[in-house]
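The values are calculated or read from the model by the stated rules, or taken from the named source; none is laboratory data. Small disclaimer: the values here were computed from a predicted structure and weren't measured. When we count neighbours, we look across all protein chains shown, and the Cβ atoms used for this are built from the backbone with ideal geometry, even at glycine. Surface areas here come from the heavy atoms of the whole protein model, side chains and all, with no ligands, DNA or RNA. Shrake-Rupley method; radii C 1.70, N 1.55, O 1.52, S 1.80 Å.
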Amino acid sequence: MKLKILMLAVGIAALASCGPSYRVTDQSTVSKDTVSVPSAIRSSFATQYPTAANVTWSTYDAANVPIDWELTGWPALDQADYVAIFDVNNDKYYAWYDSDGSWVGTTYVITDYKSLPSAINTMITEKFPSYTISSVHREMQKDHLAYEILLKNGDSKTKVLVDENGNIIKQKMVVKQ
């Protein structure tokens, strides 16, 4: 019995020693970049998001965009452009910059639907009474603020892009693939 306990203790100690041999206290200093980002873009980003943490840079990849790019009306991007994925106040943000260093837009997920402006909730209740909210992204571009909302009613899904006053900017049905 003592041998089994000793073997268990040795096994636990061995597993515990497999962890990292360092301690990271400032996540903003950890580089997770997959690309080299021009300093002008990094500087612009740092000015725009001074409290960003856990920043990861990569090139634009249409397959890894959390929003409906067509719905936003933002300019088309390609692999010469950049995306920063980062945290602010425990929310995951995405910010896109074109190859010239101009900010294209930023989005983050809203999980507390009750925090949406009341005009948006009123619009959903009136125009989509049998639908429920499936997801919401808050999208910011220059002087525009919009909410991309995925609504679901059984197998039927629709996306709406609305302003903070509840006005529908664009709407489209989501077709299963």
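State which residue is farthest from Tyr97 (Cα to Cα) when the search covers only region 119-160 and only residues that are of a type in the set (Asp, Glu) and part of a loop (DSSP other than H, G, I, E, B). Talk me through it step by step, then tell me what you get.
The first filter runs over region 119-160 and keeps only residues of a type in the set (Asp, Glu), leaving 126, 139, 143, 148, 155.
Checking which are part of a loop (DSSP other than H, G, I, E, B) leaves us with 143, 155.
Numbers: Asp143: 16, Asp155: 35 Å.
It comes out as Asp155.
Only one of these is open to solvent by less than 70 Å² (accessible area, probe 1.4 Å), touching a residue at least 24 places away in the same chain (Cβ under 8 Å), within 18 Å of Tyr60 (Cβ to Cβ) and out of contact with any helix residue (DSSP H, G or I) (no Cβ under 7 Å at 6 or more places or on another chain): Ile85, Ile149. Name it.
Details: Ile149 fails: within 18 Å of Tyr60 (Cβ to Cβ).
One residue alone meets the criteria, Ile85.
Within region 161-177, how many residues turn out to be open to solvent by 40 Å² or more (accessible area, probe 1.4 Å), in a strand (DSSP E or B), free of Cβ contacts under 8 Å to residues at least 24 places away in the same chain and charged (D, E, K, R)?
Residues flagged as open to solvent by 40 Å² or more (accessible area, probe 1.4 Å), in a strand (DSSP E or B), free of Cβ contacts under 8 Å to residues at least 24 places away in the same chain and charged (D, E, K, R) within region 161-177 amount to 0.
Here are some residues: Thr107, Thr111. Which one is more than 16 Å from Ser43 (Cα to Cα), in a loop (DSSP other than H, G, I, E, B) and under 18 Å from the mean Cα position of the chain (by Cα)? Can you show your working first?
Numbers: Thr107 fails: in a loop (DSSP other than H, G, I, E, B).
The unique qualifying residue is Thr111.
For Pro38, which of the numbered conditions (1) at pLDDT below 75; (2) over 21 Å from the mean Cα position of the chain (by Cα); (3) open to solvent by less than 60 Å² (accessible area, probe 1.4 Å) fails to hold?
(1)
Looking at Asp61, Asp78 in this structure, which one is open to solvent by 50 Å² or more (accessible area, probe 1.4 Å), on the phi < 0 side of the Ramachandran plot and touching a Ser or Thr at 6+ places or on another chain (Cβ under 9 Å)?
Numbers: Asp61 fails: touching a Ser or Thr at 6+ places or on another chain (Cβ under 9 Å).
That would be Asp78, the only listed residue that is open to solvent by 50 Å² or more (accessible area, probe 1.4 Å), on the phi < 0 side of the Ramachandran plot and touching a Ser or Thr at 6+ places or on another chain (Cβ under 9 Å).
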